[in-house]
Structure formats: structure tokens, C-alpha cells
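Structure, as C-alpha cells:
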Amino acid sequence: AECGYPRACRLLSACLEDGRGTEKNEEQAFYWMSRAAKGGDVEAVTELGRFCEFGIGREESLEEAVACYRLAASQGDAFGQCRLAWCCEAGQGIAQSWEQAFYWYTQAARQGNPRAMTGLYVCLREGLGTEKNEALALEYL
């Protein structure tokens with residue numbers, strides 16, 4: 001991690017967050033996750049969003065979480081896409097939009113993300129952000 005290898009920084013952050021093999025330290029976990037994200041690790045960008053969303057090692061900021069999720073989602077990270085979809089659905093850190101939630105759930109579901117598939121099922125079953133299509137909805141269960 002000292003050399004700036006992004007994946008190593010992300011893994012060190014996970015150990016520090018959970019206290020695996022070291023003393024738990026959420027502030028240091030946030031620091032190393034930030035380094036990994038700045039180093040281009042897209043999974044770290046999504047995780048940094050989670051740190052911002054839930055106030056892990058820093059003050060909670062839904063707006064910063066959404067910015068991280070949006071960046072990760074635009075780079076094709078399924079978990080980032082799913083988290084962004086949920087923020088759009090709930091209006092957390094971003095204006096509520098079922099259309100955007102449906103779009104991002106679709107992107108993540110195409111990559112096999114189970115939570116996104118559930119979100120997509122609900123959108124299709126209820127006609128939220130898209131036309132109601134119960135037959136297609138069932139394909140995502």
C-alpha cells in the first residue's frame with residue numbers, strides 16, 4: 001500500500017475498517033480508500049461513496065456519496081450503479097427520480113447485480129420510471 005498500488009490501498013482500507021489483522025481505525029480506512037480511489041481503483045470509488053454515505057471515518061455526506069457513485073457508475077461498476085439507483089429512488093443526496101433509478105438499476109442488473117435485479121423488478125412491476133411490464137419484471141426474480 002505504501003507504494004500507492006490502488007488495489008493494495010483498498011484492501012488495507014477494508015482491514016482497517018473491520019479490524020482484520022490490525023486495530024480497527026475508520027479514519028485510516030477512509031484515508032487509504034481515498035488513496036485507492038485517487039489511484040483509479042473503481043471499486044474503491046464506490047466504497048468511498050459508501051464511506052461518505054454512512055459516515056465511516058468522516059462526516060456523513062450524501063451529496064459526496066452520490067458524486068462517488070456517479071463516477072463509479074459511469075465507469076461501469078455494478079455496485080456503484082446500484083447504489084446510485086437507490087439514491088435516485090430514495091432522493092438521497094440527489095433529486096428523486098424513478099427514471100434515473102430505473103436506468104441505473106438496468107445497467108447494474110445487466111451485470112448480474114442481485115440488488116439491482118430486485119430494484120428493476122419493482123420498477124417494472126409497478127411501472128416506476130418505465131412502463132409497467134409484469135412479464136418482464138418476473139425475469140428479474
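The values are calculated or read from the model by the stated rules, or taken from the named source; none is laboratory data. These numbers come from a predicted model, not from an experiment. Heads up, the Cβs are rebuilt from the backbone with ideal geometry, glycines too, and the neighbour counts pull from every protein chain shown. Calculation scope for accessible area: heavy atoms of the full protein, side chains included, ligands and nucleic acids excluded. Shrake-Rupley method; radii C 1.70, N 1.55, O 1.52, S 1.80 Å.
Give the number of residues within the range 9-22 that are surrounded by 13 or more Cβ atoms within 10 Å (Cβ to Cβ) and either modelled with pLDDT under 95 or not small (Gly, Ala, Ser) (or both). Let's see the steps before the verdict.
Within the range 9-22, the subset surrounded by 13 or more Cβ atoms within 10 Å (Cβ to Cβ) is 9-17.
Restricting the remaining residues to those that are either modelled with pLDDT under 95 or not small (Gly, Ala, Ser) (or both) gives 9-12, 15-17.
Qualifying residue count for the region: 7.
Could you please give the count of residues in the range 37-49 that are assigned to a helix (DSSP H, G or I), open to solvent by less than 50 Å² (accessible area, probe 1.4 Å) and not β-branched (Val, Ile, Thr)? Before the answer, list the steps.
The initial filter retains those residues of the range 37-49 that are assigned to a helix (DSSP H, G or I), namely 37-38, 42-49.
From what's left, open to solvent by less than 50 Å² (accessible area, probe 1.4 Å): 37, 42, 44-49.
Next, from what is left, pick out any that are not β-branched (Val, Ile, Thr): 37, 44, 47-49.
Residues in the range 37-49 being assigned to a helix (DSSP H, G or I), open to solvent by less than 50 Å² (accessible area, probe 1.4 Å) and not β-branched (Val, Ile, Thr): 5 in total.
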- Selection status of residue 58, open to solvent by 40 Å² or more (accessible area, probe 1.4 Å), assigned to a helix (DSSP H, G or I) and among the basic types (Lys, Arg): no
- Query: If we scan the range 23-33, do we find a residue that is buried (at least 21 other Cβ atoms within 10 Å of the Cβ), over 16 Å from the mean Cα position of the chain (by Cα) and in a helix (DSSP H, G or I)?
  - Reply: yes
- What are the pairs, 6+ residues apart or on separate chains, where a residue within the range 92-110 that is buried (at least 19 other Cβ atoms within 10 Å of the Cβ) has its Cβ under 8 Å from a residue that is basic (Lys, Arg)? 108/115
- Message: Being of a type outside the set (A, V, I, L, M, F, W, C) and part of a loop (DSSP other than H, G, I, E, B) is the filter here; which residues of the range 117-141 pass it?
- Response: 127, 129, 130, 131, 132, 133, 139, 140
- Subset of the range 70-84 (residues that are surrounded by 24 or more Cβ atoms within 10 Å (Cβ to Cβ) and either touching a residue at least 24 places away in the same chain (Cβ under 8 Å) or among the acidic types (Asp, Glu) (or both)): 72, 73, 77, 80, 81, 82, 83
